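Q: The structure's right below; bear with me while I get my questions together.
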Amino acid sequence: MFYKFGDPPTLKEVYKQVEKMFVEFHRNIIAYDNKRYCQCEACISTINLTLKIITHYGEFTEYKVKNFHKLLGKDIIVAHQLLKNDIPRHEYWLITQNLLNDQKQLDFAQWMKWQSSSKQTETGDISFHYAQLGQLRNKIQPEIPSFIDLSKMSKVFSIHREYPTDIITLFHATGDFRYRHRWQDGILSIQALNHYLPRVGMKCRCVTDRGIYIIHASDYHYSEHKIQFTESDEKQVFCTRYTLERADVKKTILTLDYYVKGSPLAQLFFRLTRKRSLENTFRKSSQNLDNLVKDLKIPSALHT
């Protein structure tokens with residue numbers, strides 16, 4: 001809830017805020033839907049969230065106890081009562097008659113069609129105007145997903161392994177940083193640095209037996225039978241592409257492709273000095289995954 005003391009702002013000022021809130025809300029929802037790893041019912045349905053905005057003018061006071069703030073007054077109750085109404089499609093801007101008394105102009109956009117209604121309460125009828133906001137979706141510029149350009153990198157080794165589990169369980173085991181120390185050889189602990197829900201753009205700090213480094217989730221593509229995601233260091237000098245392919249209901253094939261960026265001489269040096277030990281580490285890690293997927297309990301909703 002947003003509020004201010006004193007005279008009400010003009011409806012034009014309020015509309016600018018309404019438009020900004022609506023567009024940014026849906027831009028973030030769309031971005032999350034394009035980047036999320038989770039396939040549970042709650043995350044899948046996030047894209048269907050809507051936004052309704054109630055604006056009201058009246059009397060209220062602020063109650064403070066130490067750091068606790070609370071608003072009191074009958075008009076606070078009115079604003080909350082208006083959240084429940086008979087307006088079809090829950091994506092609108094509602095203005096009460098109290099705010100409209102001195103401000104009659106509602107022509108903020110040609111597409112806006114205003115309608116009048118009222119809500120019956122125990123203390124009387126509350127009159128208001130409302131307009132649907134769905135047309136504002138046209139102002140949202142879709143975010144173009146970014147992908148690592150593997151054509152500028154060289155694949156130095158690949159590891160394949162089949163697991164007796166479904167593709168979603170294996171996806172959470174490999175893609176969720178919280179489980180990384182339980183299967184990736186040499187990792188002692190993991191610390192999330194930004195997003196706590198697995199998605200493109202998340203970063204974590206890995207503490208290993210050889211030092212500390214940062215992992216960045218770079219890109220991701222999901223389909224029912226195949227999931228791909230890529231992780232890299234922050235400068236994208238090294239990256240690992242994970243490819244999960246559904247072989248059966250309880251059988252999934254994982255391919256780990258490791259890429260290195262650099263000059264031919266630098267790549268040759270890597271192959272001569274680090275390739276063998278790193279490949280052995282990844283091979284052992286892929287074996288460790290067997291025990292994790294057996295222990296991992298993914299809610300049934302994630303498998304829908």
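Q: Determine whether the range 256-263 contains at least one residue that is among the hydroxyl-bearing types (Ser, Thr, Tyr) and either open to solvent by 70 Å² or more (accessible area, probe 1.4 Å) or free of Cβ contacts under 8 Å to residues at least 12 places away in the same chain (or both). Steps first, please.
A: Applying the first criterion (among the hydroxyl-bearing types (Ser, Thr, Tyr)) to the range 256-263 yields 258-259, 263.
Then drop every residue that is not either open to solvent by 70 Å² or more (accessible area, probe 1.4 Å) or free of Cβ contacts under 8 Å to residues at least 12 places away in the same chain (or both), which leaves 263.
Checked the range 256-263: at least one residue is among the hydroxyl-bearing types (Ser, Thr, Tyr) and either open to solvent by 70 Å² or more (accessible area, probe 1.4 Å) or free of Cβ contacts under 8 Å to residues at least 12 places away in the same chain (or both).
Q: Scan the range 56-76 and report the pairs whose first residue is polar (S, T, N, Q) and whose second residue is surrounded by 10 or more Cβ atoms within 10 Å (Cβ to Cβ), with Cβ atoms within less than 7 Å and a gap of 6+ or a chain change.
A: These pairs meet every condition: 61/72; 61/73.
Conditions (1) among the hydroxyl-bearing types (Ser, Thr, Tyr); (2) touching a strand residue (DSSP E or B) at 6+ places or on another chain (Cβ under 9 Å), marked per residue:
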{"residue": "1", "(1), (2)": "no, yes"}
{"residue": "14", "(1), (2)": "no, yes"}
{"residue": "26", "(1), (2)": "no, no"}
{"residue": "37", "(1), (2)": "yes, yes"}
{"residue": "56", "(1), (2)": "no, yes"}
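Q: Taking the range 1-13 as the search range and keeping residues that are open to solvent by less than 70 Å² (accessible area, probe 1.4 Å) and without any contact (Cβ under 8 Å) to a residue 60 or more places away in the chain, which one is farthest from the chain's Cα centre (by Cα)?
A: So in the range 1-13, the residues open to solvent by less than 70 Å² (accessible area, probe 1.4 Å) come out as 6, 8-11.
Still in the list and also without any contact (Cβ under 8 Å) to a residue 60 or more places away in the chain: 6, 9.
On the way: 6: 37, 9: 33 Å.
Among residues in the range 1-13 that are open to solvent by less than 70 Å² (accessible area, probe 1.4 Å) and without any contact (Cβ under 8 Å) to a residue 60 or more places away in the chain, the one farthest from the chain's Cα centre (by Cα) is 6.
Q: Which residue pairs have Cβ atoms under 8 Å apart, sit 6 or more places apart or on different chains, and have a first residue in the range 98-126 that is more than 18 Å from residue 55 (Cβ to Cβ) and a second that is modelled with pLDDT of 90 or more and open to solvent by 70 Å² or more (accessible area, probe 1.4 Å)?
A: Pairs found: 111/135.
Q: Read through the list (1) in contact with a strand residue (DSSP E or B) (Cβ under 6 Å, 6 or more places away or on another chain); (2) touching a residue at least 12 places away in the same chain (Cβ under 8 Å), then give the number of the only condition that residue 172 fails.
A: Every listed condition holds for residue 172 apart from (1).
Q: Ok, one more. I'm checking my understanding of the structure. Among residues of the range 228-254 that are among the aliphatic types (A, V, I, L, M) and in contact with an Asp or Glu (Cβ under 8 Å, 6 or more places away or on another chain), which one is most open to solvent (accessible area, probe 1.4 Å)?
A: Of all residues in the range 228-254, those among the aliphatic types (A, V, I, L, M) come to 237, 244, 247, 249, 253-254.
If we keep only those that are in contact with an Asp or Glu (Cβ under 8 Å, 6 or more places away or on another chain) too, we end up with 247, 249, 253-254.
Numbers: 247: 54, 249: 100, 253: 56, 254: 3 Å².
Looking at the filtered set, the residue picked out is 249.
Q: I'm trying to understand the selection: among the residues of the range 156-173, which are buried (at least 20 other Cβ atoms within 10 Å of the Cβ) and part of a strand (DSSP E or B)?
A: If the condition is that a residue be buried (at least 20 other Cβ atoms within 10 Å of the Cβ) and part of a strand (DSSP E or B), then 163 is the only one that fits.
Q: Right, next: Are there strands (runs of 3 or more DSSP E) fully within the range 15-102 with at least 3 residues that are surrounded by 16 or more Cβ atoms within 10 Å (Cβ to Cβ) and modelled with pLDDT of 90 or more? List them. Steps first, please.
A: Working: elements: 53-55, 61-65, 68-72, 92-96.
Of the strands (runs of 3 or more DSSP E) lying wholly inside the range 15-102, those with at least 3 residues that are surrounded by 16 or more Cβ atoms within 10 Å (Cβ to Cβ) and modelled with pLDDT of 90 or more span 53-55, 92-96.
Q: Sticking with this structure for a sec: In the range 233-262, which residues are more than 28 Å from residue 165 (Cβ to Cβ), part of a loop (DSSP other than H, G, I, E, B) and either touching a Cys at 6+ places or on another chain (Cβ under 6 Å) or of a type outside the set (Gly, Ala, Ser) (or both)? Outline the logic, then answer.
A: Taking the range 233-262 and keeping what is more than 28 Å from residue 165 (Cβ to Cβ), we get 233-237, 260-262.
Within this subset, residues satisfying the condition of being part of a loop (DSSP other than H, G, I, E, B) are 233-237, 262.
Selection gives 233, 234, 235, 236, 237.
Q: Determine if the range 263-278 includes at least one residue that is in contact with a Ser or Thr (Cβ under 7 Å, 6 or more places away or on another chain) and in a strand (DSSP E or B). Talk me through it step by step, then tell me what you get.
A: Taking the range 263-278 and keeping what is in contact with a Ser or Thr (Cβ under 7 Å, 6 or more places away or on another chain), we get 267.
From what's left, in a strand (DSSP E or B): none.
No, because not a single residue in the range 263-278 is in contact with a Ser or Thr (Cβ under 7 Å, 6 or more places away or on another chain) and in a strand (DSSP E or B).
Q: Quick one: would you say residue 197 is open to solvent by 20 Å² or more (accessible area, probe 1.4 Å), within 22 Å of the chain's Cα centre (by Cα) and of a type in the set (A, V, I, L, M, F, W, C)? Working first, answer last.
A: Numbers: open to solvent by 20 Å² or more (accessible area, probe 1.4 Å): yes; within 22 Å of the chain's Cα centre (by Cα): yes; of a type in the set (A, V, I, L, M, F, W, C): yes.
Considered against the rule, which asks whether it is open to solvent by 20 Å² or more (accessible area, probe 1.4 Å), within 22 Å of the chain's Cα centre (by Cα) and of a type in the set (A, V, I, L, M, F, W, C), residue 197 comes out as yes.
Q: So, of the residues in the range 137-154 that are surrounded by 12 or more Cβ atoms within 10 Å (Cβ to Cβ) and over 21 Å from the mean Cα position of the chain (by Cα), which turns out to be farthest from residue 236 (Cα to Cα)?
A: 154
Q: Pick from 212, 190: which is within 19 Å of residue 176 (Cα to Cα), touching a helix residue (DSSP H, G or I) at 6+ places or on another chain (Cβ under 7 Å) and open to solvent by 40 Å² or more (accessible area, probe 1.4 Å)? Explain how you work it out, then say what you get.
A: Working: 212 fails: touching a helix residue (DSSP H, G or I) at 6+ places or on another chain (Cβ under 7 Å).
Sole residue among the options that is within 19 Å of residue 176 (Cα to Cα), touching a helix residue (DSSP H, G or I) at 6+ places or on another chain (Cβ under 7 Å) and open to solvent by 40 Å² or more (accessible area, probe 1.4 Å): 190.
Q: Now for a separate question. What number of residues within the range 109-136 are assigned to a loop (DSSP other than H, G, I, E, B) and either open to solvent by 80 Å² or more (accessible area, probe 1.4 Å) or farther than 27 Å from residue 47 by Cα (or both)? It would help to see each step written out before you state the result.
A: Step one: of the range 109-136, the residues assigned to a loop (DSSP other than H, G, I, E, B) are 109-114, 122-123, 133.
Applying the additional criterion that residues be either open to solvent by 80 Å² or more (accessible area, probe 1.4 Å) or farther than 27 Å from residue 47 by Cα (or both) yields 110, 113, 122-123.
Number satisfying all stated conditions: 4.
The values are calculated or read from the model by the stated rules, or taken from the named source; none is laboratory data. Source: prediction; values computed, not measured. Cβ coordinates were reconstructed from backbone atoms using ideal geometry, including for glycine residues, and neighbour counts include every protein chain displayed. Note: accessible area is taken over every heavy atom of the protein model, side chains too, but ligands, DNA and RNA are not part of it. Shrake-Rupley method; radii C 1.70, N 1.55, O 1.52, S 1.80 Å.
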